[in-house]
Amino acid sequence: MSGAEGQIAMDQANLIWIAPAVLGLLGALLVIGGVVRLFKSPLGGVVRAVSGSALLGAGAAVGLLGLNIQTYQRLSYEQPVAEITLRQTGPQAYIATVRQADLSAKEYEILGDQWQLDARVLKWKPWANVVGLDASYRLERLSGRYADVAAERTAPRSVHQLAANPGLDLWALAQEYGKTVPVVDTLYGSGAYMPMADGASYQVTMSQSGLVARPSNTQAQQAVATWK
């Protein structure tokens, strides 16, 4: 990530936390002012305290949404999101080393003939793009696939979760309430899969249209060339 891109990402992250901080500060001031005013004007004090509590609650909700949004990565152009390298340990059994962007490498056991990477994408409303929110993605899971459909139904499965889901789940809210979530334009899932071979390495990128996987060494190129 270049310095300019890093600064944009930092600005977007700061923007996400400004709103709950402002709401929380205003709410706290109103609550304090309401408590003080109770001794002079009980009704006015109660109104201020209730208004302040509502703002504090709104700030907390926005903060939890911000926490969830932080699990997504910015998507402004086709960019590398993961490198997957395979080591065969047995018949239809592999160890996949996955290195996500800005994260350390992790190993996962994958069973089958192909690996599959799944992601979810959040696309924001145009006005949200103007204030600095780019489309965002999150890698969800890595799994194994079998070339034979019968084996896919009966053979052992291997599925690994790649991301946590803290705070308020914006994806679930957008699915449930649709147009009542004003900042989300659309959301969709994307997946890519490729054949597995000992020593094969693949580069996975994300674009506005979804995940794209490409072989990045000779073993992977040979596996793709003989893929049936």
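Does A174 qualify as being on the phi < 0 side of the Ramachandran plot, modelled with pLDDT under 80 and either charged (D, E, K, R) or within 19 Å of the chain's Cα centre (by Cα) (or both)?
So A174 fits the description; yes.
Please determine whether any residue of region 138-146 is crowded, with 18+ Cβ neighbours inside 10 Å, at pLDDT 80 or above and over 27 Å from A197 (Cβ atoms).
Scanning region 138-146, I find at least one residue that is crowded, with 18+ Cβ neighbours inside 10 Å, at pLDDT 80 or above and over 27 Å from A197 (Cβ atoms), so the answer is yes.
The values are calculated or read from the model by the stated rules, or taken from the named source; none is laboratory data. Predicted model, so just to flag it, every value in this text is computed and none were measured. Note that we place each Cβ from the backbone using ideal geometry, even for glycine, and neighbour counts take in every protein chain shown.
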